[in-house]
Amino acid sequence: MSDYEKWLRRVRERADALREHMGHATNAPIDDHIDRSTLEGLIDTFSVSPDSATQEDVARIYIVREGFRALLDRVHDLDEFAEFSVRQLSGALDSLYVEADALLRSRDEFVQGAGRLVDHQKMSNRLPISAGGSIGQTLVKASEEVISSAVISRNAIAMTILHSNQVDALNELKVSIQRLSATAFAIKVLLNSSVVYDATIKFLNEGADRVLTDIKEIAAALQETFASKQDLEKAVGEVVNSGTRFVKLVGRLISNGLENDAGHREVVLTLRNAYKTRTLLSSVAAQTGLWLGGRGGVGVTVQASGQLQAERIDVGADILSAAFLKDGRLAFGTNEGLMVWAPRSKSIPLKRSLMSDNFVAICVQEYQHNETIVAASRDGRLRRYWMPAGDLQQLREERTVQSDIRDKVGQRIKAIFDYRDRLVVAVDNRLTVLHKSFEMDWEVSFPQQVQAACVLNSGHIVVVGKGMVALVNFVDGQFTQGHGVPDQAEYVAVCRLSDSLIAVANSHGKVRAIDISNGGELGELSLDFEVRGLAAVGKLLVAYGGNWHREGKALAIVLWDDKLDGNIVAA
(Lines give C-alpha, C1' and ligand atoms only; values in the text may rest on other atoms or scores of the structure.)
Protein backbone atom coordinates (compact mmCIF):
# COMPACT_ATOMS: atom_id res chain seq x y z
CA MET A 1 0.00 0.00 0.00
CA SER A 2 1.38 3.40 -1.03
CA ASP A 3 1.71 6.36 1.34
CA TYR A 4 -1.20 8.26 -0.17
CA GLU A 5 -3.44 5.19 0.12
CA LYS A 6 -2.60 4.95 3.83
CA TRP A 7 -3.45 8.62 4.35
CA LEU A 8 -6.66 8.34 2.33
CA ARG A 9 -7.74 5.33 4.35
CA ARG A 10 -7.35 7.30 7.57
CA VAL A 11 -9.22 10.26 6.08
CA ARG A 12 -12.04 7.99 4.96
CA GLU A 13 -12.30 6.42 8.40
CA ARG A 14 -12.76 9.88 9.94
CA ALA A 15 -15.36 10.77 7.30
CA ASP A 16 -17.29 7.56 8.08
CA ALA A 17 -17.20 8.45 11.76
CA LEU A 18 -18.64 11.87 10.97
CA ARG A 19 -21.44 10.30 8.92
CA GLU A 20 -22.23 7.95 11.78
CA HIS A 21 -22.37 10.90 14.17
CA MET A 22 -24.81 12.69 11.88
CA GLY A 23 -27.15 9.73 12.20
CA HIS A 24 -27.48 10.25 15.93
CA ALA A 25 -29.72 12.83 17.54
CA THR A 26 -28.12 15.90 19.09
CA ASN A 27 -29.47 18.42 21.55
CA ALA A 28 -28.13 21.26 19.38
CA PRO A 29 -30.21 22.65 16.51
CA ILE A 30 -27.34 22.17 14.06
CA ASP A 31 -29.55 22.74 11.01
CA ASP A 32 -30.09 26.32 12.14
CA HIS A 33 -26.40 27.01 11.64
CA ILE A 34 -24.99 24.35 9.28
CA ASP A 35 -27.23 22.95 6.57
CA ARG A 36 -27.18 19.19 6.28
CA SER A 37 -26.24 19.28 2.59
CA THR A 38 -22.96 20.96 3.56
CA LEU A 39 -22.07 18.13 5.92
CA GLU A 40 -23.19 15.48 3.41
CA GLY A 41 -21.11 17.09 0.67
CA LEU A 42 -18.13 17.39 2.99
CA ILE A 43 -18.31 13.71 3.87
CA ASP A 44 -18.63 12.69 0.21
CA THR A 45 -15.53 14.74 -0.60
CA PHE A 46 -13.41 12.99 2.04
CA SER A 47 -14.88 9.48 1.67
CA VAL A 48 -12.48 8.69 -1.14
CA SER A 49 -11.78 5.00 -1.64
CA PRO A 50 -7.99 4.47 -1.55
CA ASP A 51 -8.33 1.65 -4.08
CA SER A 52 -9.93 3.78 -6.79
CA ALA A 53 -8.73 7.28 -5.91
CA THR A 54 -7.73 9.64 -8.72
CA GLN A 55 -5.75 12.86 -8.61
CA GLU A 56 -9.02 14.61 -9.37
CA ASP A 57 -10.44 13.22 -6.09
CA VAL A 58 -7.46 14.58 -4.15
CA ALA A 59 -7.63 17.89 -6.07
CA ARG A 60 -11.19 18.37 -4.77
CA ILE A 61 -9.88 17.97 -1.23
CA TYR A 62 -7.33 20.69 -1.93
CA ILE A 63 -10.06 22.92 -3.34
CA VAL A 64 -12.37 22.63 -0.30
CA ARG A 65 -9.55 22.85 2.26
CA GLU A 66 -10.05 26.53 3.17
CA GLY A 67 -13.81 26.18 3.15
CA PHE A 68 -13.53 23.25 5.55
CA ARG A 69 -11.38 25.38 7.86
CA ALA A 70 -14.03 28.11 7.84
CA LEU A 71 -16.75 25.55 8.63
CA LEU A 72 -14.69 24.23 11.51
CA ASP A 73 -14.36 27.74 12.95
CA ARG A 74 -18.14 28.17 12.79
CA VAL A 75 -18.70 24.92 14.69
CA HIS A 76 -16.17 26.00 17.32
CA ASP A 77 -18.06 29.28 17.71
CA LEU A 78 -21.30 27.36 18.28
CA ASP A 79 -19.65 25.38 21.04
CA GLU A 80 -18.92 28.59 22.96
CA PHE A 81 -22.61 29.11 23.75
CA ALA A 82 -23.92 27.36 26.81
CA GLU A 83 -27.25 26.36 25.28
CA PHE A 84 -25.51 24.34 22.53
CA SER A 85 -23.69 21.08 23.03
CA VAL A 86 -21.86 20.21 19.82
CA ARG A 87 -18.65 18.80 21.21
CA GLN A 88 -19.15 15.45 19.50
CA LEU A 89 -19.68 17.05 16.11
CA SER A 90 -16.79 19.42 16.70
CA GLY A 91 -14.53 16.54 17.70
CA ALA A 92 -15.47 14.49 14.63
CA LEU A 93 -14.80 17.45 12.34
CA ASP A 94 -11.49 18.21 14.08
CA SER A 95 -10.30 14.65 13.60
CA LEU A 96 -11.26 14.67 9.93
CA TYR A 97 -9.51 18.00 9.34
CA VAL A 98 -6.29 16.86 11.04
CA GLU A 99 -6.07 13.71 8.89
CA ALA A 100 -6.97 15.61 5.71
CA ASP A 101 -4.36 18.26 6.44
CA ALA A 102 -1.75 15.57 7.02
CA LEU A 103 -2.66 14.00 3.68
CA LEU A 104 -2.23 17.28 1.81
CA ARG A 105 1.06 18.04 3.54
CA SER A 106 2.56 14.66 2.69
CA ARG A 107 5.42 14.44 0.21
CA ASP A 108 3.76 11.69 -1.78
CA GLU A 109 4.10 12.47 -5.51
CA PHE A 110 0.49 11.46 -6.23
CA VAL A 111 -0.78 13.99 -3.70
CA GLN A 112 1.67 16.70 -4.74
CA GLY A 113 0.63 16.22 -8.36
CA ALA A 114 -2.96 16.98 -7.39
CA GLY A 115 -1.72 20.08 -5.56
CA ARG A 116 0.14 21.30 -8.63
CA LEU A 117 -3.02 20.81 -10.66
CA VAL A 118 -4.93 23.14 -8.32
CA ASP A 119 -2.07 25.65 -8.16
CA HIS A 120 -2.01 25.83 -11.96
CA GLN A 121 -5.70 26.75 -11.93
CA LYS A 122 -4.93 29.81 -9.82
CA MET A 123 -3.11 31.32 -12.79
CA SER A 124 -6.46 31.81 -14.55
CA ASN A 125 -8.83 34.76 -14.27
CA ARG A 126 -10.73 35.53 -11.10
CA LEU A 127 -14.48 35.48 -11.49
CA PRO A 128 -16.67 38.31 -10.13
CA ILE A 129 -19.18 36.00 -8.49
CA SER A 130 -20.21 35.15 -4.94
CA ALA A 131 -22.85 33.16 -3.14
CA GLY A 132 -24.73 36.38 -2.36
CA GLY A 133 -25.46 37.37 -5.97
CA SER A 134 -28.39 36.08 -7.98
CA ILE A 135 -26.19 33.80 -10.09
CA GLY A 136 -24.39 32.52 -7.00
CA GLN A 137 -27.65 31.84 -5.18
CA THR A 138 -28.95 29.88 -8.14
CA LEU A 139 -25.82 27.76 -8.26
CA VAL A 140 -25.75 27.16 -4.50
CA LYS A 141 -29.35 25.94 -4.61
CA ALA A 142 -28.56 23.69 -7.57
CA SER A 143 -25.53 22.23 -5.79
CA GLU A 144 -27.62 21.49 -2.70
CA GLU A 145 -30.17 19.68 -4.87
CA VAL A 146 -27.40 17.48 -6.29
CA ILE A 147 -26.09 16.61 -2.82
CA SER A 148 -29.58 15.86 -1.48
CA SER A 149 -30.50 13.67 -4.44
CA ALA A 150 -27.16 11.85 -4.08
CA VAL A 151 -28.12 10.88 -0.51
CA ILE A 152 -31.43 9.44 -1.71
CA SER A 153 -29.72 7.54 -4.53
CA ARG A 154 -27.08 6.02 -2.27
CA ASN A 155 -29.73 4.82 0.16
CA ALA A 156 -31.72 3.22 -2.66
CA ILE A 157 -28.60 1.50 -4.01
CA ALA A 158 -27.68 0.28 -0.52
CA MET A 159 -31.04 -1.48 -0.30
CA THR A 160 -30.55 -3.05 -3.74
CA ILE A 161 -27.09 -4.35 -2.81
CA LEU A 162 -28.67 -6.53 -0.11
CA HIS A 163 -30.51 -8.54 -2.79
CA SER A 164 -28.09 -8.37 -5.72
CA ASN A 165 -25.23 -10.47 -7.04
CA GLN A 166 -23.66 -7.45 -8.79
CA VAL A 167 -22.26 -5.81 -5.69
CA ASP A 168 -19.10 -4.51 -7.38
CA ALA A 169 -21.01 -2.69 -10.12
CA LEU A 170 -23.47 -1.20 -7.62
CA ASN A 171 -20.60 0.00 -5.45
CA GLU A 172 -19.03 1.57 -8.54
CA LEU A 173 -22.32 3.37 -9.14
CA LYS A 174 -22.28 4.63 -5.54
CA VAL A 175 -18.72 5.93 -5.94
CA SER A 176 -19.68 7.84 -9.09
CA ILE A 177 -22.68 9.41 -7.35
CA GLN A 178 -20.44 10.32 -4.42
CA ARG A 179 -18.02 12.06 -6.80
CA LEU A 180 -20.88 14.06 -8.31
CA SER A 181 -21.95 15.15 -4.83
CA ALA A 182 -18.36 16.05 -3.92
CA THR A 183 -18.03 18.18 -7.04
CA ALA A 184 -21.25 20.05 -6.31
CA PHE A 185 -20.01 20.67 -2.77
CA ALA A 186 -16.65 21.96 -4.02
CA ILE A 187 -18.36 24.53 -6.25
CA LYS A 188 -20.61 25.57 -3.37
CA VAL A 189 -17.51 26.07 -1.19
CA LEU A 190 -15.84 28.16 -3.88
CA LEU A 191 -18.87 30.43 -4.20
CA ASN A 192 -18.68 31.13 -0.47
CA SER A 193 -14.97 31.97 -0.65
CA SER A 194 -13.42 35.32 -1.43
CA VAL A 195 -11.70 34.17 -4.64
CA VAL A 196 -13.19 32.07 -7.42
CA TYR A 197 -10.88 31.02 -10.24
CA ASP A 198 -12.24 30.42 -13.71
CA ALA A 199 -10.09 27.33 -14.32
CA THR A 200 -11.11 25.71 -11.03
CA ILE A 201 -14.81 26.08 -11.74
CA LYS A 202 -14.40 24.65 -15.21
CA PHE A 203 -12.19 21.82 -13.94
CA LEU A 204 -14.94 20.81 -11.52
CA ASN A 205 -17.69 21.16 -14.08
CA GLU A 206 -15.81 18.99 -16.58
CA GLY A 207 -15.43 16.36 -13.86
CA ALA A 208 -19.13 16.47 -13.04
CA ASP A 209 -19.98 16.05 -16.70
CA ARG A 210 -17.79 12.94 -17.01
CA VAL A 211 -19.22 11.45 -13.81
CA LEU A 212 -22.76 11.93 -15.11
CA THR A 213 -21.83 9.93 -18.19
CA ASP A 214 -20.39 7.18 -15.96
CA ILE A 215 -23.55 7.06 -13.85
CA LYS A 216 -25.78 6.70 -16.91
CA GLU A 217 -23.61 3.96 -18.43
CA ILE A 218 -23.33 1.94 -15.21
CA ALA A 219 -27.05 2.28 -14.51
CA ALA A 220 -27.90 1.11 -18.05
CA ALA A 221 -25.75 -1.97 -17.56
CA LEU A 222 -27.45 -2.70 -14.23
CA GLN A 223 -31.07 -2.51 -15.40
CA GLU A 224 -31.75 -6.19 -14.73
CA THR A 225 -30.38 -5.88 -11.20
CA PHE A 226 -33.28 -3.67 -10.13
CA ALA A 227 -36.69 -5.22 -9.53
CA SER A 228 -38.40 -2.69 -11.80
CA LYS A 229 -37.79 0.38 -13.89
CA GLN A 230 -39.34 2.37 -11.06
CA ASP A 231 -36.65 1.12 -8.67
CA LEU A 232 -33.92 2.05 -11.15
CA GLU A 233 -35.46 5.50 -11.63
CA LYS A 234 -35.60 5.96 -7.86
CA ALA A 235 -31.95 5.00 -7.55
CA VAL A 236 -30.46 7.21 -10.26
CA GLY A 237 -33.18 9.27 -11.93
CA GLU A 238 -33.20 12.30 -9.66
CA VAL A 239 -29.45 12.50 -9.21
CA VAL A 240 -28.97 12.37 -12.99
CA ASN A 241 -31.62 15.05 -13.53
CA SER A 242 -30.30 17.38 -10.82
CA GLY A 243 -26.70 16.75 -11.93
CA THR A 244 -27.53 17.57 -15.54
CA ARG A 245 -29.27 20.79 -14.53
CA PHE A 246 -26.32 21.69 -12.34
CA VAL A 247 -23.68 21.12 -15.03
CA LYS A 248 -25.63 23.23 -17.52
CA LEU A 249 -26.10 26.03 -14.99
CA VAL A 250 -22.41 26.13 -14.13
CA GLY A 251 -21.36 25.96 -17.76
CA ARG A 252 -23.74 28.69 -18.89
CA LEU A 253 -24.13 31.05 -15.96
CA ILE A 254 -20.58 31.22 -14.61
CA SER A 255 -18.89 31.48 -17.98
CA ASN A 256 -21.42 33.84 -19.50
CA GLY A 257 -20.06 37.22 -18.48
CA LEU A 258 -21.08 36.79 -14.84
CA GLU A 259 -22.77 40.17 -14.61
CA ASN A 260 -26.29 39.87 -13.23
CA ASP A 261 -27.52 42.60 -15.55
CA ALA A 262 -25.65 41.49 -18.64
CA GLY A 263 -28.38 39.15 -19.84
CA HIS A 264 -28.29 35.40 -20.32
CA ARG A 265 -26.55 34.38 -23.53
CA GLU A 266 -26.61 30.85 -24.86
CA VAL A 267 -26.00 29.06 -28.12
CA VAL A 268 -28.61 26.43 -28.86
CA LEU A 269 -27.14 23.49 -30.77
CA THR A 270 -29.76 21.25 -32.36
CA LEU A 271 -28.96 18.06 -34.25
CA ARG A 272 -30.73 18.21 -37.60
CA ASN A 273 -29.46 15.03 -39.23
CA ALA A 274 -26.70 12.46 -38.87
CA TYR A 275 -25.42 10.34 -41.75
CA LYS A 276 -23.49 7.11 -42.19
CA THR A 277 -20.54 7.08 -44.54
CA ARG A 278 -16.86 6.18 -44.66
CA THR A 279 -14.53 8.19 -42.44
CA LEU A 280 -14.43 11.89 -43.36
CA LEU A 281 -11.09 13.62 -42.85
CA SER A 282 -11.15 17.07 -44.48
CA SER A 283 -13.36 19.99 -45.45
CA VAL A 284 -13.16 23.11 -47.59
CA ALA A 285 -15.56 25.99 -48.22
CA ALA A 286 -17.31 25.82 -51.60
CA GLN A 287 -19.34 28.41 -53.52
CA THR A 288 -22.67 27.14 -52.21
CA GLY A 289 -21.65 25.29 -49.08
CA LEU A 290 -18.95 22.83 -48.07
CA TRP A 291 -17.06 19.95 -49.64
CA LEU A 292 -15.78 17.12 -47.47
CA GLY A 293 -13.38 14.33 -48.37
CA GLY A 294 -12.32 11.16 -46.67
CA ARG A 295 -11.23 7.58 -46.71
CA GLY A 296 -11.02 5.76 -50.02
CA GLY A 297 -11.85 8.87 -52.03
CA VAL A 298 -15.29 9.48 -50.54
CA GLY A 299 -16.59 13.01 -51.19
CA VAL A 300 -19.65 14.79 -49.75
CA THR A 301 -21.07 18.16 -50.77
CA VAL A 302 -23.11 19.95 -48.11
CA GLN A 303 -25.29 22.76 -49.48
CA ALA A 304 -26.13 25.83 -47.37
CA SER A 305 -29.68 24.43 -47.24
CA GLY A 306 -28.39 21.27 -45.58
CA GLN A 307 -28.87 19.03 -48.62
CA LEU A 308 -26.17 16.43 -49.22
CA GLN A 309 -24.66 14.84 -52.30
CA ALA A 310 -22.20 11.98 -51.89
CA GLU A 311 -19.76 10.67 -54.49
CA ARG A 312 -16.80 8.35 -54.77
CA ILE A 313 -13.72 9.77 -56.51
CA ASP A 314 -11.33 7.33 -58.13
CA VAL A 315 -8.17 8.59 -56.45
CA GLY A 316 -7.07 5.29 -54.94
CA ALA A 317 -6.18 7.08 -51.71
CA ASP A 318 -7.55 8.77 -48.59
CA ILE A 319 -8.32 12.47 -48.98
CA LEU A 320 -6.60 14.08 -45.98
CA SER A 321 -6.95 17.73 -47.03
CA ALA A 322 -8.55 19.76 -49.81
CA ALA A 323 -8.54 23.23 -51.40
CA PHE A 324 -10.30 24.83 -54.38
CA LEU A 325 -8.36 26.39 -57.25
CA LYS A 326 -9.64 29.54 -58.96
CA ASP A 327 -11.06 27.59 -61.90
CA GLY A 328 -13.16 25.36 -59.65
CA ARG A 329 -10.86 22.35 -59.65
CA LEU A 330 -10.18 20.60 -56.33
CA ALA A 331 -6.70 19.94 -55.02
CA PHE A 332 -6.39 16.95 -52.70
CA GLY A 333 -3.70 16.18 -50.19
CA THR A 334 -3.75 12.39 -49.86
CA ASN A 335 -1.70 9.58 -48.37
CA GLU A 336 -0.44 8.94 -51.92
CA GLY A 337 0.60 12.48 -52.79
CA LEU A 338 -0.99 15.63 -54.21
CA MET A 339 -3.82 15.40 -56.76
CA VAL A 340 -5.98 17.83 -58.73
CA TRP A 341 -9.50 16.87 -59.83
CA ALA A 342 -12.05 18.66 -62.01
CA PRO A 343 -15.48 17.94 -60.43
CA ARG A 344 -17.38 19.64 -63.29
CA SER A 345 -15.74 17.74 -66.13
CA LYS A 346 -15.41 13.98 -66.24
CA SER A 347 -13.24 14.23 -69.37
CA ILE A 348 -10.36 16.01 -67.61
CA PRO A 349 -8.09 13.35 -66.11
CA LEU A 350 -6.97 13.40 -62.50
CA LYS A 351 -3.56 15.01 -62.11
CA ARG A 352 -1.08 13.48 -59.68
CA SER A 353 2.25 14.63 -58.27
CA LEU A 354 5.27 12.48 -59.01
CA MET A 355 6.15 12.32 -55.33
CA SER A 356 4.03 10.02 -53.19
CA ASP A 357 3.71 11.43 -49.68
CA ASN A 358 1.24 11.90 -46.84
CA PHE A 359 0.02 15.44 -47.43
CA VAL A 360 -2.03 16.18 -44.32
CA ALA A 361 -2.69 19.87 -45.07
CA ILE A 362 -2.73 22.01 -48.21
CA CYS A 363 -3.64 25.57 -49.20
CA VAL A 364 -3.70 27.61 -52.40
CA GLN A 365 -1.40 30.66 -52.48
CA GLU A 366 -0.34 33.10 -55.20
CA TYR A 367 3.43 33.07 -55.63
CA GLN A 368 5.39 35.08 -58.21
CA HIS A 369 2.13 35.82 -60.08
CA ASN A 370 1.27 32.12 -60.32
CA GLU A 371 -1.40 30.12 -58.56
CA THR A 372 0.38 27.49 -56.50
CA ILE A 373 -0.47 24.78 -53.98
CA VAL A 374 1.47 24.51 -50.73
CA ALA A 375 1.42 20.94 -49.42
CA ALA A 376 2.46 19.94 -45.89
CA SER A 377 3.52 16.35 -45.29
CA ARG A 378 2.95 14.38 -42.14
CA ASP A 379 6.64 14.60 -41.20
CA GLY A 380 6.60 18.41 -41.15
CA ARG A 381 7.94 19.30 -44.62
CA LEU A 382 6.51 21.95 -46.93
CA ARG A 383 6.52 21.77 -50.73
CA ARG A 384 5.10 24.13 -53.34
CA TYR A 385 3.45 22.89 -56.54
CA TRP A 386 2.14 24.50 -59.70
CA MET A 387 0.74 23.43 -63.08
CA PRO A 388 2.70 25.32 -65.77
CA ALA A 389 1.73 23.02 -68.64
CA GLY A 390 -1.25 21.26 -67.15
CA ASP A 391 0.86 18.79 -65.20
CA LEU A 392 1.37 18.96 -61.45
CA GLN A 393 5.00 19.82 -60.74
CA GLN A 394 6.99 20.82 -57.71
CA LEU A 395 8.10 24.45 -57.94
CA ARG A 396 11.74 25.15 -57.10
CA GLU A 397 13.98 28.15 -57.26
CA GLU A 398 17.55 27.80 -58.47
CA ARG A 399 18.89 28.63 -55.03
CA THR A 400 16.67 26.08 -53.31
CA VAL A 401 18.46 23.09 -51.84
CA GLN A 402 17.09 20.06 -53.68
CA SER A 403 16.72 17.91 -50.57
CA ASP A 404 13.80 19.97 -49.15
CA ILE A 405 15.45 19.95 -45.71
CA ARG A 406 15.18 23.73 -45.57
CA ASP A 407 11.40 23.42 -45.86
CA LYS A 408 10.97 21.29 -42.75
CA VAL A 409 9.12 23.33 -40.11
CA GLY A 410 8.46 20.75 -37.42
CA GLN A 411 7.32 17.23 -36.67
CA ARG A 412 3.49 17.30 -36.75
CA ILE A 413 1.68 19.78 -38.99
CA LYS A 414 -2.04 20.17 -38.26
CA ALA A 415 -3.09 23.04 -40.55
CA ILE A 416 -1.75 25.64 -42.99
CA PHE A 417 -3.36 28.91 -44.18
CA ASP A 418 -2.67 31.58 -46.76
CA TYR A 419 -3.27 34.56 -44.48
CA ARG A 420 -2.44 38.23 -44.96
CA ASP A 421 0.28 37.54 -47.55
CA ARG A 422 1.93 34.98 -45.27
CA LEU A 423 1.89 31.22 -44.87
CA VAL A 424 0.66 30.27 -41.40
CA VAL A 425 1.52 26.78 -40.14
CA ALA A 426 0.05 25.13 -37.05
CA VAL A 427 2.80 22.68 -36.12
CA ASP A 428 3.81 20.88 -32.92
CA ASN A 429 3.18 23.39 -30.08
CA ARG A 430 3.60 26.46 -32.30
CA LEU A 431 1.97 28.74 -34.79
CA THR A 432 4.71 29.52 -37.31
CA VAL A 433 4.39 32.40 -39.78
CA LEU A 434 6.50 32.16 -42.95
CA HIS A 435 7.21 34.37 -45.90
CA LYS A 436 6.18 32.88 -49.23
CA SER A 437 9.78 31.78 -49.69
CA PHE A 438 9.28 29.57 -46.61
CA GLU A 439 11.67 31.77 -44.65
CA MET A 440 10.67 32.35 -41.03
CA ASP A 441 8.89 35.61 -40.19
CA TRP A 442 7.79 34.97 -36.60
CA GLU A 443 6.21 32.31 -34.43
CA VAL A 444 4.41 31.89 -31.14
CA SER A 445 4.70 28.86 -28.84
CA PHE A 446 2.02 27.31 -26.62
CA PRO A 447 2.29 25.09 -23.53
CA GLN A 448 0.48 22.24 -25.33
CA GLN A 449 0.51 20.59 -28.74
CA VAL A 450 -1.74 22.32 -31.25
CA GLN A 451 -4.45 19.95 -32.49
CA ALA A 452 -6.43 22.29 -34.75
CA ALA A 453 -6.59 25.93 -35.85
CA CYS A 454 -8.88 28.28 -37.76
CA VAL A 455 -8.99 31.88 -38.94
CA LEU A 456 -11.35 33.97 -36.78
CA ASN A 457 -11.15 37.31 -38.58
CA SER A 458 -8.66 39.60 -40.34
CA GLY A 459 -6.53 39.95 -37.23
CA HIS A 460 -6.87 36.77 -35.19
CA ILE A 461 -6.34 33.02 -35.42
CA VAL A 462 -7.68 30.47 -32.93
CA VAL A 463 -5.74 27.34 -31.95
CA VAL A 464 -6.94 24.50 -29.72
CA GLY A 465 -5.42 21.49 -28.02
CA LYS A 466 -5.45 19.63 -24.75
CA GLY A 467 -6.66 22.05 -22.08
CA MET A 468 -6.18 24.93 -24.49
CA VAL A 469 -8.17 27.49 -26.47
CA ALA A 470 -5.83 30.30 -27.55
CA LEU A 471 -6.51 33.48 -29.50
CA VAL A 472 -3.49 34.73 -31.45
CA ASN A 473 -3.28 38.41 -32.39
CA PHE A 474 -1.67 38.43 -35.84
CA VAL A 475 -0.61 42.07 -35.52
CA ASP A 476 1.69 41.75 -32.51
CA GLY A 477 2.19 37.97 -32.37
CA GLN A 478 0.82 37.77 -28.83
CA PHE A 479 -1.86 35.38 -27.65
CA THR A 480 -4.39 35.10 -24.87
CA GLN A 481 -4.88 31.57 -23.75
CA GLY A 482 -6.98 29.28 -21.74
CA HIS A 483 -9.99 31.14 -20.45
CA GLY A 484 -9.77 28.51 -17.71
CA VAL A 485 -10.15 25.58 -20.10
CA PRO A 486 -9.88 22.42 -17.96
CA ASP A 487 -6.76 20.32 -18.47
CA GLN A 488 -8.98 17.33 -19.29
CA ALA A 489 -10.60 19.04 -22.28
CA GLU A 490 -8.90 17.57 -25.35
CA TYR A 491 -10.14 19.60 -28.28
CA VAL A 492 -9.27 18.22 -31.71
CA ALA A 493 -11.36 20.49 -33.93
CA VAL A 494 -12.35 24.16 -34.14
CA CYS A 495 -14.20 26.42 -36.57
CA ARG A 496 -15.52 29.97 -36.67
CA LEU A 497 -19.22 30.65 -36.15
CA SER A 498 -18.98 34.46 -35.90
CA ASP A 499 -16.37 37.09 -35.05
CA SER A 500 -16.74 36.33 -31.33
CA LEU A 501 -18.02 32.76 -31.42
CA ILE A 502 -16.29 29.47 -32.20
CA ALA A 503 -17.24 25.82 -32.09
CA VAL A 504 -14.85 23.21 -30.67
CA ALA A 505 -15.09 19.45 -30.34
CA ASN A 506 -13.29 16.58 -28.71
CA SER A 507 -12.75 13.22 -30.35
CA HIS A 508 -15.55 11.63 -28.31
CA GLY A 509 -18.18 13.73 -30.08
CA LYS A 510 -18.83 16.51 -27.60
CA VAL A 511 -19.30 19.80 -29.45
CA ARG A 512 -19.24 23.13 -27.62
CA ALA A 513 -19.92 26.73 -28.61
CA ILE A 514 -17.48 29.15 -26.94
CA ASP A 515 -17.49 32.93 -26.70
CA ILE A 516 -13.88 33.64 -27.62
CA SER A 517 -14.01 37.11 -26.00
CA ASN A 518 -14.42 35.71 -22.48
CA GLY A 519 -14.12 31.93 -22.80
CA GLY A 520 -17.76 31.36 -21.93
CA GLU A 521 -19.10 27.92 -22.83
CA LEU A 522 -22.49 28.88 -24.22
CA GLY A 523 -23.86 25.57 -25.40
CA GLU A 524 -22.98 21.96 -26.08
CA LEU A 525 -24.18 18.88 -27.91
CA SER A 526 -23.06 15.27 -27.70
CA LEU A 527 -22.74 13.28 -30.93
CA ASP A 528 -22.34 9.52 -30.85
CA PHE A 529 -19.38 9.25 -33.20
CA GLU A 530 -15.72 10.22 -33.27
CA VAL A 531 -15.33 13.83 -34.44
CA ARG A 532 -12.25 14.72 -36.49
CA GLY A 533 -13.20 18.14 -37.82
CA LEU A 534 -15.72 21.00 -37.79
CA ALA A 535 -16.86 23.41 -40.49
CA ALA A 536 -19.68 25.94 -40.72
CA VAL A 537 -21.84 27.36 -43.47
CA GLY A 538 -24.34 29.99 -42.39
CA LYS A 539 -26.38 28.65 -39.48
CA LEU A 540 -25.27 25.07 -40.12
CA LEU A 541 -22.41 23.53 -38.13
CA VAL A 542 -21.00 20.42 -39.77
CA ALA A 543 -19.20 17.87 -37.60
CA TYR A 544 -17.41 15.05 -39.40
CA GLY A 545 -15.15 12.09 -38.66
CA GLY A 546 -16.25 8.55 -37.94
CA ASN A 547 -14.70 5.22 -37.09
CA TRP A 548 -11.66 4.35 -39.19
CA HIS A 549 -12.30 0.61 -39.20
CA ARG A 550 -15.98 0.46 -40.16
CA GLU A 551 -18.61 2.52 -41.92
CA GLY A 552 -21.05 4.22 -39.55
CA LYS A 553 -22.13 7.66 -38.43
CA ALA A 554 -19.52 10.08 -39.68
CA LEU A 555 -21.37 13.32 -40.47
CA ALA A 556 -23.76 15.49 -38.46
CA ILE A 557 -25.61 18.62 -39.53
CA VAL A 558 -26.22 20.85 -36.50
CA LEU A 559 -28.31 24.02 -36.39
CA TRP A 560 -26.90 26.75 -34.16
CA ASP A 561 -28.68 29.82 -32.78
CA ASP A 562 -26.98 32.53 -30.71
CA LYS A 563 -29.53 33.81 -28.17
CA LEU A 564 -29.54 36.61 -25.58
CA ASP A 565 -32.35 36.35 -23.02
CA GLY A 566 -34.13 34.00 -25.40
CA ASN A 567 -33.88 36.28 -28.44
CA ILE A 568 -31.78 35.31 -31.47
CA VAL A 569 -28.68 37.48 -31.88
CA ALA A 570 -27.93 38.66 -35.41
CA ALA A 571 -24.76 37.13 -36.83
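The values are calculated or read from the model by the stated rules, or taken from the named source; none is laboratory data. Being a predicted model, the structure only gives us computed values, none of them experimental. Ideal geometry is used to build each Cβ from the backbone, glycine not excepted, and the neighbour counts take in all protein chains shown. Note: areas computed on protein heavy atoms with side chains; ligands, DNA, RNA excluded. Shrake-Rupley method; radii C 1.70, N 1.55, O 1.52, S 1.80 Å.
Structure above, values below:
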quantity: Along the chain, longest interval not containing exposed GluC sites (Glu not before Pro), exposed being DSSP loop plus at most 10 other Cβ atoms within 10 Å; calculated: 84-396
quantity: Antiparallel bridges, percent of DSSP beta bridges restricted to the chain (to nearest 5); calculated: 100 percent
quantity: Accessible surface, the chain, averaged per residue in Å² (probe 1.4 Å); calculated: 45 Å²
quantity: Listed peptides 113-121, 100-108 by packing density, highest first (mean Cβ within 10 Å); calculated: 113-121, 100-108
quantity: Greater than 22 Å apart at Cα, pairs in K122/K202; K346/K436; K414/K510; calculated: K346/K436
quantity: Helix 167-191 vs. the chain, principal-axis angle (Cα, 0 to 90°, nearest 10); calculated: 90 degrees
quantity: Percent carbon-and-sulfur accessible area, the chain, ignoring ligands, DNA and RNA, probe 1.4 Å; calculated: 47 percent
quantity: Summed side-chain charge close to V140 - residues other than V140 whose Cβ falls under 13 Å, Lys, Arg +1, Asp, Glu -1; calculated: -1
quantity: Residue-level accessible surface for R210, protein heavy atoms, 1.4 Å, Å²; calculated: 80 Å²
quantity: Stokes-Einstein D in µm²/s, Kirkwood radius over Cα pairs - the chain at 25 °C with 0.890 mPa s viscosity; calculated: 93 µm²/s
quantity: Nearest-ten-degree value, helix 87-105 long axis tilted from longest Cα axis of the chain; calculated: 30 degrees
quantity: Acute angle (nearest 10 degrees) that the helix 109-121 long axis makes with the longest principal axis of the chain, alpha-carbon atoms; calculated: 70 degrees
quantity: Under 12 Å, Cβ to Cβ, from E13 - net charge with Lys/Arg +1 and Asp/Glu -1; calculated: +3
